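What follows is a short report on a single structure.
Only the coordinates and a few stated rules stand behind these numbers; no lab work does. Fair warning: this is a prediction, and the values are worked out from it, not measured in the lab. Neighbour counts are summed over all protein chains in view; Cβ atoms, including those assigned to glycine, are modelled from backbone coordinates with ideal geometry.
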Amino acid sequence: MLGLNKKDATLLGVVAVLVIFAPFILNPFPADSAMAQFNAGYPDLMQRFVIFGIFAVGFNLLFGLTGYLSFGHAAFLGVGSYSAVWMFKLLSMNVIPAILLSMVIAGLFALLIGFISLRRTGIYFSILTLAFAEMSFRLAYSVLTPITNGETGLQLTLEDPRILGQTATENGGIPVTNLFGLEMRSTEVLNLGGWTFQFNNGYYMAGALLLVAFYISIRIFRSPFGMMLRAVKSNQQRMNYTGLNTKPYTLAAFVISGMYAGLAGGLMASMDPLAGAERMQWTASGEVVLMTILGGAGTLIGPVLGAGFIKYFENIFSKINEAVLHSWFHALPDGLENAIVWVLEHFVGSGWHLTLGLLFMLVVTFLPGGLVEGGQRLGRLFGRKKDAEEKTATQSTPAE
Amino acid sequence: MTNKLTRRGLLKTGAVGGAGLALPTIFTTGAHAFTNEPSGGTVTLGFNVPQSGPYADEGADELRAYMLAVEHLNGEGDGGMLNTFSSKVLEGNGILGKKVEYVTGDTQTKSDAARASAKSMIEKDGAIMITGGSSSGVAVAVQSLCQEAGVIFMAGLTHSNDTTGKDKKANGFRHFFNAYMSGAALAPVLAKTYGTDRKAYHLTADYTWGWTQEESIVAATEALGWETVQTVKTPLSATDFSSYITPVLQTDADVLILNHYGGNMVNSLTNAVQFGLREKVVNGKNFEIVVPLFSRLMARGAGENVKGILGSTNWHWSLQDEGSQAFVKSFGTKYGFPPSQAAHTCYVQTLLYADAVARAGSFNPCAVGEALEGFEFDGMGNGPTLYRAEDHQCFKDVLVVRGKENPTSEFDLLEVVEVTPVGQVTYAPDHPMFAGGALGSCNPGA
């Protein structure tokens, strides 16, 4: 099907089902129960899941296949966001031109940075990309303020021209982003008993693009081009000695990966038309590295899982505050309750980084192949088939 | 035995039956008149404050004030400013009889994170109003989000002219004063204390607040005859300002103006004092440092270094009016120390919102906005105050303060030099520093 073998088609099918039914899957608890705290099925977070999924899938095309560890990928995401918002300001609120432009600009930007950075390999390549990203961040944050609006972030105003659309709506508001009239922010709500499920247009558009992005990524993984990239990873020197020029291949991978990041940036701006400089900061670049490694670098589904995992922690755990903890443990004796809350509050709320750090440490130590390896082990443990078949195309060379 | 109840059959029947029962409820949700209309006996407010980053201290204090305000609205505690507030519609039974609940989030002092956090409050927790923030960049970003989503935004500590200037929104309201007011209040005192022929060097936090404060102070001081030697922008995330202080020594500037707030100001002032700027004599005059926006939390962070330094502030706990005293008393009883100006403005904003809902008789953002526009009140610690309808900015007296030479306690760090009357800091809604934006029309969402 679609030029995929049975196994890959199944994988794509699984991802498609997950994306389509995410509003149900992510909302397992009734809306007014105590566990509703852990529901993740609201539009903003679901959008983040798929958008960062795309970002991580793209990053994995570079890192997973060629082994080149870019520490500056957030720059392309930021450039994509800025391009998209400018498109909303100047042209129209339709997301299609915005997303196309963000991919093109991010691709060109990646071509430039890749051309210079790919002259070096290993740690020097990482440092170069980091330097470029940090430069982009500083430029966006301060020097290029007329274009980027500095720290405040680029926003839409009531005075933007929007030559193909309307400057302001009839009742004096800023028009909203749409896909040929279909508003990105509008949400259908389905109440089933105690459960509330939200179906958001923007989410489903981003989800459809994730499926396309994922499909292209599978095709690249299975193509001769992908094979060449893997050869670069295993021994670039030997390739060079045989007379092969690997640079066009790595550069192409870098640009494709940058365009994925641009797509993610454009989508972020389409869901919420604002672009801030902090999207380009090195911490944002580090985040996508974490996502990929946590999920399983070099695997197809790993980066998507990693992205979901980190975004879940960032948005759900960071909102558990002291009052919530007290309400969980109020049945316990006072002294014990306070002691437990005192310990736990360092791991939730603003301390969620600590929890994430610990989990990351555990995953890297015990599951070097990331969450995918965890899944495979579980599969072997409980699977009906013998593990002879488990030899997959995914491989788990630890990150350098 | 043909009609056996199988597991598969049971599941099928259950699924079909469930779907049939659920069908009528699918289309029942379009009935809301506005975003997150409260149903049931509770109403949820969203408190979005910085819990990490350079403004984390302010954020923590804001959160304390919010929790106190919720207590008072629900009729717990001693009622605080509800007893001194000139409007008497709040009865301590929640808002319109609905018990007030709240959710909290971390803005990280980043626009993106703040918007994500506010969005999850609106989409997931059903918050009807978002308030908080300790940075103008964040306030502007969240304000425009609330405008789009159709909920009210009650700005916390935000001092940039843009919040109620070029970035003002119909759904956003600000109680805190702004950079223009600081300049208008501070400049006469500066002229009186330091003379009218000074040369000023500005260090400015590089974002909307810093820019507008620099603009306001430069305009106000130059009108008095001061000269501006140079203005330098510093990144908000900076923690060491030595490299920005050294160049000051090479100019003939005799006043350093720090357009910094929170952790930034604590660090830059400490660096400036370490470099011996305050002992310096330039042009035959003592070198002076001015911090246009001052707060007690910053004064505590900077310790000894704030002594004698002039600045302006929205409110100070040592004020002797009834409202301030009631607030300081209930805050002090609950937490053991006096509130900061950030806590004060957040507390007041929550009460003002609740009062507007009660007066309007509805949670609809448009009705609430109408009730707040042109609202005149007293008893909230700043004297008679007006919520101006044209730009949703509060107009009230501004305090000029100085770091105390002989503090009597760790909280008694600032002394009020002058209370600038509201008339002196009022400006026209179309003043050039505030021009270029439009409120638009209120958006009830849904």
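Exposed loop sites, defined as trypsin sites (Lys or Arg not before Pro) outside DSSP H, G, I, E and B with at most 15 other Cβ atoms within 10 Å, are absent from the longest region of chain A, namely A:121-383. Dividing the mean sequence gap of close Cα pairs (under 8 Å, 6+ apart) by how many residues chain B holds gives a relative contact order of 20 percent. Pick from A:ALA253, A:ALA84, A:ALA284 the residue whose mean-square fluctuation is largest in a GNM of chain A, springs joining Cα atoms under 10 Å. Evaluated over chain A, the most mobile residue of the options is A:ALA284. Calculated mean residue ellipticity at 222 nm for chain B: -11500 deg cm²/dmol, from DSSP H runs with n ≥ 4 weighted as -39500 (n - 2.57), summed, divided by the residue count and rounded to 500. Nearest 5 percent is fine: what portion of the DSSP beta bridges confined to chain A is antiparallel? Roughly 90 percent of the DSSP beta bridges within chain A come out antiparallel. Rounded to the nearest 10 degrees, the inclination of helix B:7-22 to the longest alpha-carbon principal axis of chain B is 60 degrees. Amide H contacts of B:ILE152: B:ILE130, each under 5 Å away and 5 or more positions distant or on a separate chain (H built 1.01 Å from N in the peptide plane; Pro and chain starts excluded). Each part gets one Cα centre, and for segment A:305-350 versus segment B:234-307 those centres are 39 Å apart. Around the amide H of B:VAL417, modelled in the peptide plane, lie the amide H atoms of B:VAL400, B:VAL401, B:ARG402, all under 5 Å away and 5 or more residues distant in sequence or on another chain. Using only the C-alpha atoms, the convex hull of chain B corresponds to 160 Å³ per residue.
Applying the Karplus relation 6.51 cos²θ - 1.76 cosθ + 1.60 with θ = phi - 60° to segment B:129-146 yields 3J(HN,Hα) values of 8, 10, 9, x, x, 10, 9, 6, x, 5, 4, 5, 5, 6, 4, 6, 5, 5 Hz, where x marks Gly and Pro. Using θ = phi - 60° in the Karplus curve 6.51 cos²θ - 1.76 cosθ + 1.60, the 3J(HN,Hα) couplings for segment B:272-285 round to 4, 5, 4, 7, x, 4, 6, 8, 6, 10, 10, 6, x, 10 Hz; x is entered for Gly and Pro.
Amide H contacts of A:THR196: A:ALA31, each under 5 Å away and 5 or more positions distant or on a separate chain (H built 1.01 Å from N in the peptide plane; Pro and chain starts excluded). Computed 3J(HN,Hα) for segment A:144-159, one whole-Hz value per residue from the Karplus formula 6.51 cos²θ - 1.76 cosθ + 1.60 where θ = phi - 60°, is 8, 3, x, 8, 10, 6, x, 5, 5, x, 6, 10, 7, 10, 6, 9, glycine and proline marked x. Of the trypsin sites (Lys or Arg not before Pro) found in segment B:163-238, no site is in coil according to DSSP while having at most 12 other Cβ atoms within 10 Å of its Cβ.
When peptides B:48-54, B:183-189, B:157-163 are sorted by average Cβ neighbour count within 10 Å, with the highest value leading, the order is B:157-163, B:48-54, B:183-189. Under the criterion of Cα pairs below 8 Å and six or more residues apart, the relative contact order for segment A:42-318 equals 41 percent. Comparing B:MET265, B:MET67, B:MET181 in a Gaussian network model of chain B where C-alpha atoms under 10 Å apart are linked, the largest mean-square fluctuation is found at B:MET67.
Does segment A:42-318 come out rounded, prolate or oblate by the C-alpha gyration tensor, with a ≥ b ≥ c the root eigenvalues, rounded set by a/c under 1.5 and, if not, prolate when a/b is larger than b/c and oblate if not? Since a/c reaches 1.5 and a/b is larger than b/c, the shape of segment A:42-318 is classed as prolate. Normalised by residue number, the volume inside the convex hull of the Cα atoms of the protein assembly as shown is 193 Å³ per residue. Every helix of 4 or more DSSP H residues in chain A counts as -39500 (n - 2.57), and over all residues that averages to -20000 deg cm²/dmol at 222 nm. Taking A:ILE163, A:ILE256, A:ILE99 as the candidate residues, the one with maximal mean-square fluctuation in a Gaussian network model of chain A, Cα springs under 10 Å, is A:ILE163. State the antiparallel share, in %, of DSSP beta bridges confined to the protein assembly as shown, rounding to the nearest 5. In the protein assembly as shown, approximately 40 percent of DSSP beta bridges are antiparallel ones. Got the relative contact order for segment B:180-313 handy, in percent, Cα pairs under 8 Å and 6 or more residues apart? Reported relative contact order: 26 percent.
Relative to the first principal axis of the alpha-carbon coordinates of chain B, what is the inclination of helix B:208-222, with its axis defined by its Cα atoms, in degrees from 0 to 90 and to the nearest 10? Result, in degrees: 30.
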